[in-house]
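The values are calculated or read from the model by the stated rules, or taken from the named source; none is laboratory data. What you are looking at is a predicted structure, and each value in this text was computed from that prediction instead of being measured. We place every Cβ from the backbone using ideal geometry, glycine too, and count neighbours over all the protein chains shown.
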Amino acid sequence: MQQAPSLPERGGKRISALILGLHMAMASIFGVAFVFSESLSFLNAGLLLSFAAAGLLAITERPVLPALGVIVFLLLLVHGSLAMMAGLNTLGSFMRVYASTLAMFAMFYFLIMSKLSLEDILRVYLKYATAVGVIGIVQLVSYFVGFSPGYDYSWLLITWDVIYGGLFGIRVNSILFEPAHVAFTCGLAIACAVFRLFGQLEYLLSKRQAGVILVFTIVSGSTVAYMLIAVAMAIIALQRRFVVFAPLIIIAGWAAWSNIDLLPDIAVRLRGISQLYLEGVTWEDANASSFSIYAHTIVAFENFGATFGFGSSLGSHGAAFEKFNNVVVGDHEISQLSTAANLANRLISEMGMFGLALMIWYGVMVVRCMIEPDDHWHWLRLALLVAIFAFLARNGTYAYFGLALYVLVLRRLTVAEPVPFGDQTVITGRDYRGLPAE
């Protein structure tokens, strides 16, 4: 097995590694609940840090700007300007989302194009995910033994709070805001951990790391995180062609659904979604979280039709919801107005046909990565697709929790061009044959 390279120790690599570590610890990916004041949240801190990091990397690394990225963000700017002229959005709402998204994508693009290899970047991410998992496990043990400072971090993290409930009496969230964030901040780590237990991705993390991450995921009680484990397991079964186990998987799925009341927090959400989409249950009888997703889906398609498929531009879904909420919810209060409950809804509402095109691209990538030959990056691509799925299903943010990193690394690994790997360079995309580039 080829040994993974250690993190760089000098020059531009050290600057890039430092920026990456700080950003993961404080800003867009792990988004710890530590803030400098009540007004400077991790979102604002992440935005400021991203702009500063992007500027520093641009100076130290001097990367070539990607033509596709420049065109996309120019088109989004034009689209937003036209939407504001049409009264579909406001300058403040648009610029807040546009600036944060641009900052995050620029910063991660410069990091990916820096002297750090992709493996360096991802190993730093996985180390942070493991550390977050260790803290989460310590949190649960501290709760069992009654050691309050070990499970209640509100003495250190200003906006953090204990969340009681679940199987263990406490829903473990480590240093994250809530258990749901486990699926987004650690989504890639969860998929990598599942694949690692089946003998893949040994160049990125150890089985011990994988075990810590999965234990933390299980005790978090996050419905979306559980879903990611299930998706990753299904991918393993399909890739290994475990057809013989198909009946067992069906029986296990039926048994899990029949006994889902053992996990009440998950049961109420899954049954709520099933009732809303399949049985036509009204908001008076539905679970609030499930109905939020359903309501935002209805509003997203209403807004899509009202804008003739062009969308109403970045940051406008909140206004669209205020306009169309009477179609489905009347006076009922719905959460996550600005982020549309998930990325799929938000892409349809704000970007229209372009958003649909992005989701079609995602679907094509899923099919392509499932059927293409098993090369060096094969399982990493699949893990990235699993991580992005968490956002499409339950998180509508463009900029935070690492989505920009996932998208850019996936893009980097699906084009036929050299990518640094340790002391060698390998070819990604369909031209890769497992040999160093000449």
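Here are the numbers for the structure shown:
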read-out: PHE94 vs. criteria in contact with a helix residue (DSSP H, G or I) (Cβ under 6 Å, 6 or more places away or on another chain) and farther than 15 Å from SER312 by Cβ; value: no
read-out: Residue among LEU116, LEU156 that alone is surrounded by fewer than 20 Cβ atoms within 10 Å (Cβ to Cβ) and either within 17 Å of the chain's Cα centre (by Cα) or at pLDDT below 85 (or both); value: LEU156
read-out: Test: TYR406 is in a helix (DSSP H, G or I), closer than 21 Å to ALA191 by Cβ and modelled with pLDDT of 80 or more; value: yes
read-out: Every residue from segment 92-118 that is part of a helix (DSSP H, G or I) and among the aliphatic types (A, V, I, L, M); value: MET95, VAL97, ALA99, LEU102, ALA103, MET104, ALA106, MET107, LEU111, ILE112, LEU118
read-out: Those residues of segment 76-91 which are free of Cβ contacts under 8 Å to residues at least 12 places away in the same chain and either under 18 Å from TYR398 (Cβ atoms) or in a helix (DSSP H, G or I) (or both), in sequence order; value: VAL78, SER81, MET85, LEU91
read-out: Residues of segment 393-408 that turn out to be over 26 Å from TYR294 (Cβ atoms) and aliphatic (A, V, I, L, M), as a count; value: 4
read-out: Filter pass, ARG171 being of a type in the set (Lys, Arg), more than 18 Å from LEU385 (Cα to Cα) and touching a residue at least 60 places away in the same chain (Cβ under 8 Å); value: yes
read-out: Of all residues making up segment 136-153, the number that are in contact (Cβ under 8 Å) with a residue 40 or more places away in the chain and either assigned to a loop (DSSP other than H, G, I, E, B) or crowded, with 18+ Cβ neighbours inside 10 Å (or both); value: 3
read-out: Test: residue in segment 180-188 that is in contact with a Lys or Arg (Cβ under 6 Å, 6 or more places away or on another chain), of a type outside the set (Val, Ile, Thr), more than 11 Å from ALA129 (Cα to Cα) and in a loop (DSSP other than H, G, I, E, B); value: no
read-out: Among (1) in contact with a Leu (Cβ under 8 Å, 6 or more places away or on another chain); (2) closer than 26 Å to ARG381 by Cα - the single one ALA131 does not satisfy; value: (1)
read-out: Residue in segment 366-375 that is farthest from VAL231 (Cα to Cα), counting only those that are of a type outside the set (Asp, Glu) and surrounded by fewer than 18 Cβ atoms within 10 Å (Cβ to Cβ); value: PRO373
read-out: Leading residue by the ranking (farthest from ALA320 (Cα to Cα)) among those in segment 62-75 that are assigned to a helix (DSSP H, G or I) and of a type in the set (A, V, I, L, M); value: ALA67
read-out: Looking only at segment 184-198, and only at residues there that are in contact with a Phe, Trp or Tyr (Cβ under 6 Å, 6 or more places away or on another chain) and aromatic (Phe, Trp, Tyr), the one that is farthest from LEU405 (Cα to Cα); value: PHE195
read-out: Filter result for ALA27 (at pLDDT below 65 and either in contact with a strand residue (DSSP E or B) (Cβ under 9 Å, 6 or more places away or on another chain) or buried (at least 20 other Cβ atoms within 10 Å of the Cβ) (or both)); value: yes
read-out: Residues satisfying the stated conditions in segment 367-385, i.e. under 17 Å from ARG412 (Cβ atoms) and part of a helix (DSSP H, G or I); value: ARG368, CYS369, HIS378, TRP379, LEU380, ARG381, LEU382, ALA383, LEU384, LEU385
